[in-house]
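The structure under discussion appears below in the form of structure tokens.
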Amino acid sequence: MGNNYLNEQVTGLKGIGEKTAKLFEKCGVKTVGDLLTYYPRGYDGFEAPLPACDLKSGMVNACKLTIIGSIVKRRVRNLSIISFEAADQTGKVRITYFNAPYLANSLKSGTTHIFRGLVQKKGSAFTIDQPKMYKIEEYAALIGRLLPRYPLVKGLTNNAVTKAVEQAFLHVGKLEEFIPEEILKRLSLIEYFEAVKGIHFPQNEEQLEKARRRLAYNEFLLFVINLRLLKKNQEEIKNSYPMIEVADVKRLLEKLPYKLTKAQENAWKDIQNDLSGENVMNRLIQGDVGSGKTILALLALLTAAGNGYQGALMAPTEVLAAQHYESFKELIDKYNITTLKPVLLTGALSAKDKKEAQRQIKEGEVNCIIGTNALIQSKVEYKNLALVITDEQHRFGVRQREALAGKGLNTHVLAMSATPIPRTLAIILYGDLHISIINELPAGRVPIKNCVVGTDYRNTAYKFIKDQVEQGRQAYVICPMVEEGELDGVTNVTDYTQTLREVLPPSITVGMLHGKMKPAQKDEIMEAFARRDIDVLVSTTVIEVGINVPNATVMMIENSERFGLSQLHQLRGRVGRGKHQSYCIFINTSESDEAKQRLSIMNKTNDGFVIAEEDLQQRGPGDLFGVRQSGELNFRVGDIYHDADLVKESAMDADRILNEDPNLEFPQHRVLKDTLATKSANFVDFATL
């Protein structure tokens, strides 16, 4: 965006004072340019109302209904409930509102409104819980429109963001194009300005898809060019820390109560060859949940220690870092591995403990440093860091991986990922890394039992969860959203937690977890679950990474049709980690044949690589039309499965551009080079969910 106006502060826009500007800043929006790239997370689409007889269970529908009979108000513990019947000439609908006392004065028998919400069928009757209610003329003005819904912070309204974006477009003029014209023509991509305007204010779904597709291509091209330039620099780096095989590694492998699988052995050979080779190691270990990546990390760290160097392992959460530390200590004590001297460094440590850990690291008293982002803080100095390992590396991104590697001189880098993605995409998306794949599970793992069911199975599922908890087990329940209203027709954590507390016996403790909580609060809840202080944890997809609870045997996923298959598999991987039989229940709230067929793959296999290939072939809904396809590489608009063709095209285009102009010095690449250096190219240093 080369327009000078884009660098203006948002306070220059009408209606944005200092107080509102601070709210925008919490969303990462300081300038007009930031505002125009602050894309909606969804849209409200308004269709013509259906007659009651044509309502579709599992779908969000609008219906013009007249309230009939009495309006029943009651209270169940802390929950206030309003329910009534409404009808048209073709049928009746039962409508219920929870904790909405403000509606009491608006709801009167004999009045007619448009009710819009998720339709469910209970027996032969249709029901709608928490529908939005509109005046007839108000809804008529909305039909056919797509209204943007933005990510918000407390105090900032959707209306305020929408008005600010509208103002920005009035003054911004054209946006500088940075994609060569021949690429736009070949891929039938619209102009940049048209795409940015179309993503905010689409006239229809066709225009929205064109806008989304163009912006997705932007993200992929910038990302791949960045990776190509990074890899070019790395390939020229010689191995400053050549390592030989150490006796402790051999002894540990002989003592372990299991043999490495063939896939683990191959990956370990790749790591050994890298550590002893001519050039610095940059390798990704890509393996399914439970495939045994952690033992390879330990072997690599033990090799570094045996050669007289330090190694560091960075995990995405304090809970996971602490679990790695404890499991390593257990193995060290059990097998008398005196060479490896570990220390834990996280933000949760007291100032005194943190200072002591930093001293031990600087003076070389420890050689295995395990932690979170705390490992890359400026105060942390290493004596001779030779190896860095990132666990669940997609949660960090390229820059954080580089920051940790930069703590040493030309360090070896080993990244680990538990979300299998098709190799064709992995080669592109991890373009700065060599890839080793672990595609088999260790012997003795008890396969997870799966079932895809409709909403009428919920009560049976609740009873099953209750029975499992009474047997001493624990359960997860996953909801797509944090609060009501974030996405029409999906279950949210806040309401669902309350529902389970009502449904399950008081003896069962139900906890809640979501990404809007502060990191310390999230860690506290995950630790409580790990300690078994919480029996059932209701969570968003934030649980996808960062907790290992072998005692959890049930995973129930609401609105499972809204998720990508690979994300469902990643979530499922939170159970089946212990000796007990585990179960995954996928609740499908849609009656469409397509959703049933897509989810059936989860019934058929627990193999993440098979599921990843299926996800790629089906190219399910992208981020703007459902729940974000999580796991690997959370681009702001693009989805690596939905847009797999664009990923491949962008890789070929990046290679063509760099082959022609390796340093992007040609005049036609000026804007592209400038864009790579700006915030808009930084979308892959991912936010947690």
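Brief remarks on what is shown
- Where ASP488 falls short, out of the listed (1) modelled with pLDDT of 75 or more; (2) buried (at least 16 other Cβ atoms within 10 Å of the Cβ): (1)
- The lone criterion from (1) touching a Cys at 6+ places or on another chain (Cβ under 9 Å); (2) over 24 Å from LYS518 (Cβ atoms); (3) outside any loop (DSSP other than H, G, I, E, B); (4) not basic (Lys, Arg) left unmet by GLY33 is number (1).
- LEU260 satisfies every condition listed in (1) part of a loop (DSSP other than H, G, I, E, B); (2) closer than 30 Å to LYS379 by Cα; (3) among the aliphatic types (A, V, I, L, M) except (2).
- Any chance GLU561 is in a helix (DSSP H, G or I), more than 25 Å from GLN597 (Cβ to Cβ), touching a helix residue (DSSP H, G or I) at 6+ places or on another chain (Cβ under 8 Å) and acidic (Asp, Glu): no
- Residue in segment 491-537 that is farthest from PRO316 (Cα to Cα), counting only those that are at pLDDT below 95 and β-branched (Val, Ile, Thr): VAL503
- Flag for ARG572 being open to solvent by less than 10 Å² (accessible area, probe 1.4 Å) and either modelled with pLDDT under 90 or not hydrophobic (A, V, I, L, M, F, W, C) (or both): yes
- Output for segment 248-275, where each listed residue is open to solvent by less than 70 Å² (accessible area, probe 1.4 Å) and over 36 Å from the mean Cα position of the chain (by Cα): ASP248
- Qualifying residue in segment 375-385 (condition: modelled with pLDDT under 95 and among the acidic types (Asp, Glu)): yes
- Residue list for segment 87-137, restricted to those being part of a strand (DSSP E or B), open to solvent by less than 50 Å² (accessible area, probe 1.4 Å) and of a type outside the set (A, V, I, L, M): ASP88, GLY91, THR96, TYR97, HIS113, PHE115, ARG116, GLY117, GLN120, PHE126, THR127, TYR134
- Any hit, segment 518-538, residues being open to solvent by less than 20 Å² (accessible area, probe 1.4 Å), touching a Leu at 6+ places or on another chain (Cβ under 7 Å), outside any loop (DSSP other than H, G, I, E, B) and closer than 11 Å to ILE478 by Cβ: yes
- Filtered by the rule that a residue be aliphatic (A, V, I, L, M), within 36 Å of the chain's Cα centre (by Cα), at pLDDT 90 or above and assigned to a strand (DSSP E or B), segment 47-86 gives ALA62, ILE81, ILE82.
- Selection status of LEU156, in contact with a Leu (Cβ under 7 Å, 6 or more places away or on another chain), of a type in the set (A, V, I, L, M), open to solvent by less than 50 Å² (accessible area, probe 1.4 Å) and under 23 Å from GLY15 (Cβ atoms): yes
- Single residue of GLY287, GLY292, GLY364, GLY311 found to be of a type in the set (Gly, Ala, Ser), at positive phi and buried (at least 18 other Cβ atoms within 10 Å of the Cβ): GLY292
- Selection status of VAL627, at pLDDT below 85 and over 25 Å from ASN439 (Cβ atoms): yes
- Flag for GLN617 being under 28 Å from GLU206 (Cβ atoms) and either crowded, with 22+ Cβ neighbours inside 10 Å or at pLDDT below 75 (or both): yes
- The sole residue among ARG577, ARG562 that is open to solvent by 30 Å² or more (accessible area, probe 1.4 Å) and under 21 Å from VAL452 (Cβ atoms) is ARG562.
- Just one residue in the set GLU176, GLU245 is assigned to a loop (DSSP other than H, G, I, E, B), open to solvent by 50 Å² or more (accessible area, probe 1.4 Å) and under 20 Å from ILE657 (Cβ atoms); that residue is GLU176.
- Whenever a residue of segment 517-546 is over 16 Å from GLN323 (Cα atoms), its partners that are polar (S, T, N, Q) and at pLDDT below 85, lying with C-beta atoms within less than 9 angstrom and at least six residues away or across chains, give the pairs PRO519/THR317; PRO519/THR688; THR540/ASN492; THR541/GLN567; THR541/GLN570; THR541/SER630; VAL542/THR688.
- Considering residues of segment 630-689 that are within 30 Å of THR317 (Cα to Cα), among the polar types (S, T, N, Q) and open to solvent by 10 Å² or more (accessible area, probe 1.4 Å) only, the residue modelled with the highest pLDDT: THR678
- Scanning segment 194-230 for residues that are touching a residue at least 12 places away in the same chain (Cβ under 8 Å), assigned to a helix (DSSP H, G or I) and open to solvent by 40 Å² or more (accessible area, probe 1.4 Å) yields GLU194, LYS197, GLU205, LYS210, ARG213, ASN226, ARG228, LEU229.
- Failed item, numbered, when PHE84 is tested on (1) crowded, with 16+ Cβ neighbours inside 10 Å; (2) in contact with a helix residue (DSSP H, G or I) (Cβ under 8 Å, 6 or more places away or on another chain): (2)
The values are calculated or read from the model by the stated rules, or taken from the named source; none is laboratory data. Worth saying up front: this structure is predicted, and the values here are computed from it rather than measured. Methodologically, a virtual Cβ is constructed for each residue, glycine included, from the backbone with ideal geometry; neighbour enumeration extends over all protein chains shown. Keep in mind that these areas ignore ligands, DNA and RNA; they rest on the heavy atoms of the full protein, side chains included. Shrake-Rupley method; radii C 1.70, N 1.55, O 1.52, S 1.80 Å.
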